[in-house]
């Protein structure tokens, strides 16, 4: 993929987009340049379509962003090195090597497109138009907030650790060719995120019905709940989460439905789900599902990452937990250490007409011809219940009964465990439940960082153990490699940011 850093002018970016993973699905009225092409609401819709497609790139939600948080969070392990993306697990990062610069370029390309769209709409509305752009402004602002939230978690320290630390460049307008943006603080980026979310919610007030593959009002509120939780503004997080829960627009799956929910597109829990199509953007053998699928499930499956012993012990607290239904034998099953099998492979991202079958479960697939073009469930109602539980427990007026009630709605997926009540609920119970429910969904590492928890890695999963030289077996958020380096390409192109590299790199 052609690298594009945030300094290149918008026109150059647009001209390069044809070689940059099909930025737009359909060209707007006057062809590719969003700075001149958007003249109608239909054009704005096309740009939003392209943005949603762009977010399914392998450098973003299509694979690497979710893999990043799970590989680094302690719930995954690897059996050997050199297979691909194990740099995430071993923290082998520098500005010029394994920097995962695709995060930076991909997300800022999305932001560039959003800024251009918003400026176009603003100009059109000033000139006068009969078209209503509210929906697209709301979606664009919500998407920009979400992308900045993801960026600042990759490149900046946790908000509750050091919000004065450097975050990422704050860019809300189309850049001129000679602009040299510098990094804003973590606090400034969070302020922008909230500003965009609040403005976006106003524009989306009339768009509350679930929208397949798009951001609606409740997706905005769900992102607000996430952001406030990271800021430890528990009252605001609870309010946002409860607005979604009480709306009745989404419904939790019962225990008899949960496993099969992973074969569904846009199910009752999906608040924001990105569509992956078998004829567009299908990552095939580079897909997230292939990274988690056992090597024997398909003849060419990679099976590079598998559940750690620590996660399996947590899930194994109840052998009747319904979430075992998306786990199956990994490549270590049947060896001398695990002769009876090891359910370390995750099948949340395996679809297809024929589905897959293993020793533990059967998923009929999601109806697409390709079993690797599986939708990404970015925000599910289950997470909102867990946010509500955590926020209620830690709010300015803690409500253990309410926290236990929300937690139990998810905890009952393990019917063999003692029910959560006001008398026994703890933060550890919530932390464990988030691990079990959101496994493979790109949450664990970011959770551990905001909770100020140490992470111990299952480096001794096999004998001899995987050799790790870039981190200790146990780390905490003071370790400098818990945030990524600013890519060397960006520093070369932007001298103003060259002296703002993250410490240690």
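The values are calculated or read from the model by the stated rules, or taken from the named source; none is laboratory data. Just so we're clear, the structure is a prediction, and the values are computed from it rather than from any experiment. Reconstructed Cβ throughout: ideal geometry from the backbone, glycine too, with neighbour counts over all protein chains shown.
From the list 306, 293, which residue is buried (at least 18 other Cβ atoms within 10 Å of the Cβ) and at pLDDT below 90?
It is 293.
Which one of these is in contact with a helix residue (DSSP H, G or I) (Cβ under 8 Å, 6 or more places away or on another chain) and modelled with pLDDT of 95 or more: 446, 479?
Testing whether each residue is in contact with a helix residue (DSSP H, G or I) (Cβ under 8 Å, 6 or more places away or on another chain) and modelled with pLDDT of 95 or more leaves just 446.
Given (1) surrounded by fewer than 14 Cβ atoms within 10 Å (Cβ to Cβ); (2) free of Cβ contacts under 8 Å to residues at least 24 places away in the same chain, identify the lone condition not met by residue 188.
(1)
Here are some conditions: (1) modelled with pLDDT of 95 or more; (2) surrounded by 13 or more Cβ atoms within 10 Å (Cβ to Cβ); (3) not in a helix (DSSP H, G or I). Residue 466 meets all but one. Which one does it not meet?
Going through the list (1) modelled with pLDDT of 95 or more; (2) surrounded by 13 or more Cβ atoms within 10 Å (Cβ to Cβ); (3) not in a helix (DSSP H, G or I), residue 466 breaks only (1).
Among the residues of the range 229-249, how many are surrounded by fewer than 19 Cβ atoms within 10 Å (Cβ to Cβ) and in contact with a strand residue (DSSP E or B) (Cβ under 9 Å, 6 or more places away or on another chain)?
1
For residue 167, work out the one condition from (1) in contact with a strand residue (DSSP E or B) (Cβ under 7 Å, 6 or more places away or on another chain); (2) surrounded by fewer than 18 Cβ atoms within 10 Å (Cβ to Cβ) it doesn't fulfil.
Here residue 167 clears every test but (2).
Does the range 436-451 include one or more residues that are without any contact (Cβ under 8 Å) to a residue 40 or more places away in the chain, out of contact with any strand residue (DSSP E or B) (no Cβ under 6 Å at 6 or more places or on another chain) and either surrounded by fewer than 22 Cβ atoms within 10 Å (Cβ to Cβ) or farther than 27 Å from residue 63 by Cα (or both)?
Yes, because at least one residue in the range 436-451 is without any contact (Cβ under 8 Å) to a residue 40 or more places away in the chain, out of contact with any strand residue (DSSP E or B) (no Cβ under 6 Å at 6 or more places or on another chain) and either surrounded by fewer than 22 Cβ atoms within 10 Å (Cβ to Cβ) or farther than 27 Å from residue 63 by Cα (or both).
Can you name the condition, by its number, that residue 220 falls short on among (1) closer than 22 Å to residue 147 by Cα; (2) in a loop (DSSP other than H, G, I, E, B); (3) under 21 Å from the mean Cα position of the chain (by Cα)?
(2)
Just a yes or no: is a residue in the range 127-139 surrounded by 18 or more Cβ atoms within 10 Å (Cβ to Cβ) and part of a strand (DSSP E or B)?
Scanning the range 127-139 turns up no residue that is surrounded by 18 or more Cβ atoms within 10 Å (Cβ to Cβ) and part of a strand (DSSP E or B).
List the helices (runs of 4 or more DSSP H) that sit entirely inside the range 25-86 and contain at least 1 residues that are modelled with pLDDT under 90, surrounded by fewer than 22 Cβ atoms within 10 Å (Cβ to Cβ) and out of contact with any helix residue (DSSP H, G or I) (no Cβ under 6 Å at 6 or more places or on another chain).
Numbers: elements: 34-37, 41-54, 64-71.
In the range 25-86, 34-37 are the helices (runs of 4 or more DSSP H) which contain 1 or more residues that are modelled with pLDDT under 90, surrounded by fewer than 22 Cβ atoms within 10 Å (Cβ to Cβ) and out of contact with any helix residue (DSSP H, G or I) (no Cβ under 6 Å at 6 or more places or on another chain).
Restricting to the range 198-215, and then to whatever is more than 17 Å from the chain's Cα centre (by Cα) and crowded, with 23+ Cβ neighbours inside 10 Å, can you tell me which residue is farthest from residue 121 (Cα to Cα)?
204
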